[in-house]
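The values are calculated or read from the model by the stated rules, or taken from the named source; none is laboratory data. All values reported here derive from a predicted model rather than from experimental measurement. Cβ atoms come from the backbone with ideal geometry, glycine included; neighbour counts cover every protein chain shown.
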Amino acid sequence: MTLEATDVSHGYGNETVFDGVSLSVSTGEVVAIIGPSGVGKSTLLRLLALFDAPDRGTISYDGEDVWRQPEGRRLEHRRRIGMVFQDASLFDASVRRNAAYGLRVRQSWPERIRHGFAQLVGEQNGTGDAVEALETVGLADKVDQDADSLSGGEAQRVAFARALAYDPEILLLDEPTSDLDPRNTAVIEDAVLQARDRGIGVVVATHDMHQARRVADRTAVLLGDEILEVDRTERVFDDPRDDRTRQFIDGELIY
Amino acid sequence: MSLESAATVPLFAEFPFEWNYIRSIIVVSLYVSVAAVALSTLCSLPIALAVGFTDFRGKGLLTSIINTGMGFPSVVVGLAVLFTVSNEGPLGSLELVFTREAMIMSQFVLAAPVVTGVSLAAVSSVEQNVRDAAYAMGGTRLDVALVTIKEARYGIATAVLAGFGRAISEVGSVLIVGGNIASADGTSKTRTLTTAIQLEAQRGRFETAMILGVVLLAIVLVVNGIVVRLGSDGGGYR
């Protein structure tokens with residue numbers, strides 16, 4: 001399975017964020033997008049998550065141009081993708097309900113109503129996968145707590161579990177650890193590698209180059225309005241082909 | 001005042017009110033206000049969600065109109081509804097003049113902008129990130145709307161309460177379209193707590209007016225208490 005952006009340009013109003021960008025991710029690999037803040041990493045991830053259609057170029061899933069498909073088909077594609085934002089963005093609900101959200105929206109309405117009634121009388125059916133995902137991030141013991149009682153790091157781990165619970169083929173992470181302490185960062189990075197080993201394709205947008213080195217099989221460098229290079233992580237860091245990449249990695253580039 | 005003269009003051013139990021009369025007034029008041037607010041909520045929530053979710057030209061103007069609607073003078077609304085349901089009006093054939101249904105219509109017009117305006121503020125305060133998260137997890141637009149309603153539930157409950165408060169404590173329009181009528185058996189037909197208080201005070205039956213006033217206050221307090229309880233429940237739906 002491959003999610004691919006081909007020659008994509010996008011902007012807001014008259015402002016172009018990037019122009020002619022191509023990037024792909026396949027199941028079972030981790031791709032990092034590195035670049036300074038504000039360069040458009042989040043915008044690229046939103047395009048890959050099928051939030052918006054690109055101004056030009058194509059987003060395809062397994063060779064199907066997604067934006068040429070009817071909305072129902074696009075929803076099927078969207079449901080094979082998970083996303084974690086920089087901000088945990090948890091719902092005002094219990095940890096279990098947050099983690100099970102993706103599973104719930106995939107149920108038919110009669111099932112959802114039946115589970116809703118079951119929960120009213122205290123039964124917690126059909127949330128096994130959510131609890132399993134919470135175990136991956138070490139928070140299975142917090143399953144019945146309110147989400148707003150969690151620390152920032154725990155909340156982000158729940159957000160990760162929420163995206164993992166419905167077993168996506170592709171997982172998109174937008175600066176998932178930028179506000180976290182080293183311990184929580186390590187938990188998330190470990191979960192990323194576990195997800196890859198389970199065959200999930202992961203894209204991590206980050207400005208933390210060390211993180212890219214730690215988790216990514218391939219790295220794309222987004223600078224200015226283009227991807228300067230994308231290749232195996234060691235090659236990009238140890239032998240950058242573009243001079244601006246080298247300057248960015250060495251911290252010499254002023255932006 | 002001597003003890004003898006104090007003993008001649010009428011006791012509470014001797015006040016000239018009739019329970020059946022008061023009970024029927026409470027029933028009519030609750031029926032009309034609850035029906036009006038339920039209808040307002042059904043109409044207002046989709047409007048609040050649609051306006052809150054989308055950007056379009058004239059959004060600011062529409063929001064201003066909704067907010068202006070919160071301050072509609074009730075007698076003017078009553079007059080407009082009375083014209084609408086009168087024989088010459090567009091709904092004249094339905095013969096709704098001086099009926100509870102006409103009162104529901106007028107209270108609907110008064111409550112709907114309040115429910116819409118306060119709901120819109122509540123819905124707009126739900127962070128874009130949370131809506132994005134629902135969408136990114138595979139939610140449809142309906143799922144995102146449901147998440148938004150759940151996130152804004154306390155604000156929406158407040159909106160419904162505010163609409164109910166506006167409806168049940170309003171006197172001008174229900175007086176005009178309902179006529180403050182009691183049936184031949186002495187029970188209320190279109191008489192509400194507010195119009196009855198006005199009438200009883202005019203008649204000089206202050207004790208009955210006071211009882212009705214206390215009942216009205218109690219209803220508003222109970223509804224308010226329920227909403228505060230909802231809001232302080234830890235907020236979480238499990």
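Given A:VAL25, A:VAL30, which one is within 12 Å of the chain's Cα centre (by Cα), over 24 Å from B:ALA134 (Cβ atoms) and either of a type outside the set (A, V, I, L, M, F, W, C) or modelled with pLDDT of 95 or more (or both)? It would help to see each step written out before you state the result.
On the way: A:VAL25 fails: over 24 Å from B:ALA134 (Cβ atoms).
Answer to the check: A:VAL30.
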- request: Enumerate the pairs (first residue in region A:186-198 and touching a residue at least 60 places away in the same chain (Cβ under 8 Å); second residue anywhere and surrounded by fewer than 19 Cβ atoms within 10 Å (Cβ to Cβ) and not aromatic (Phe, Trp, Tyr)) with beta-carbon separation below 7 Å, excluding pairs fewer than 6 apart on the same chain, so at least 6 apart or on different chains.
  value: A:ARG196/A:GLY28; A:ARG196/A:GLU29
- prompt: Looking at region B:42-54, which of its residues are crowded, with 21+ Cβ neighbours inside 10 Å and closer than 8 Å to B:ALA112 by Cα?
  reply: B:SER44
- prompt: Quick one: is A:GLY28 part of a loop (DSSP other than H, G, I, E, B), in contact with a Gly (Cβ under 6 Å, 6 or more places away or on another chain) and within 24 Å of A:THR233 (Cβ to Cβ)?
  reply: yes
query: Quick check: is even one residue across region B:169-185 among the acidic types (Asp, Glu), in a loop (DSSP other than H, G, I, E, B), more than 30 Å from A:LEU171 (Cα to Cα) and within 14 Å of chain A (Cβ to nearest Cβ)?
result: no
- prompt: Can you find even one residue in region B:97-111 that is free of Cβ contacts under 8 Å to residues at least 60 places away in the same chain, under 17 Å from B:TYR31 (Cβ atoms) and more than 14 Å from chain A (Cβ to nearest Cβ)?
  reply: yes
- prompt: B:PHE72: among the aromatic types (Phe, Trp, Tyr), in contact (Cβ under 8 Å) with a residue 60 or more places away in the chain and in contact with a helix residue (DSSP H, G or I) (Cβ under 9 Å, 6 or more places away or on another chain), yes or no?
  reply: no
message: Taking the criterion of being in a helix (DSSP H, G or I), under 14 Å from the mean Cα position of the chain (by Cα), buried (at least 21 other Cβ atoms within 10 Å of the Cβ) and within 14 Å of another protein chain (Cβ to nearest Cβ), would at least one residue in region A:164-187 satisfy it?
response: yes
query: So which residues in region B:129-158 are in a helix (DSSP H, G or I), of a type in the set (S, T, N, Q) and either crowded, with 22+ Cβ neighbours inside 10 Å or at the interface with chain A (Cβ under 9 Å from one of its Cβ atoms) (or both), if there are any at all?
result: B:ASN129, B:THR148
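Would you check if there is a residue in region B:193-203 being within 16 Å of B:SER24 (Cα to Cα) and in contact with an Asp or Glu (Cβ under 9 Å, 6 or more places away or on another chain)? Talk me through it step by step, then tell me what you get.
Taking region B:193-203 as the starting set, the residues that turn out to be within 16 Å of B:SER24 (Cα to Cα) are B:193-197, B:199-200.
Those left that are additionally in contact with an Asp or Glu (Cβ under 9 Å, 6 or more places away or on another chain): B:194, B:200.
The answer is yes; a qualifying residue exists.
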field: Of residues in region A:2-22 being on the phi > 0 side of the Ramachandran plot and not acidic (Asp, Glu), the one nearest to the chain's Cα centre (by Cα)
entry: A:GLY20
task: Output the residues belonging to region A:102-160 that are surrounded by 15 or more Cβ atoms within 10 Å (Cβ to Cβ) and on the phi > 0 side of the Ramachandran plot.
output: A:GLY126, A:GLY138
field: Residues of region A:5-48 classified as more than 20 Å from A:MET209 (Cα to Cα), touching a strand residue (DSSP E or B) at 6+ places or on another chain (Cβ under 7 Å) and of a type in the set (Lys, Arg), total
entry: 0
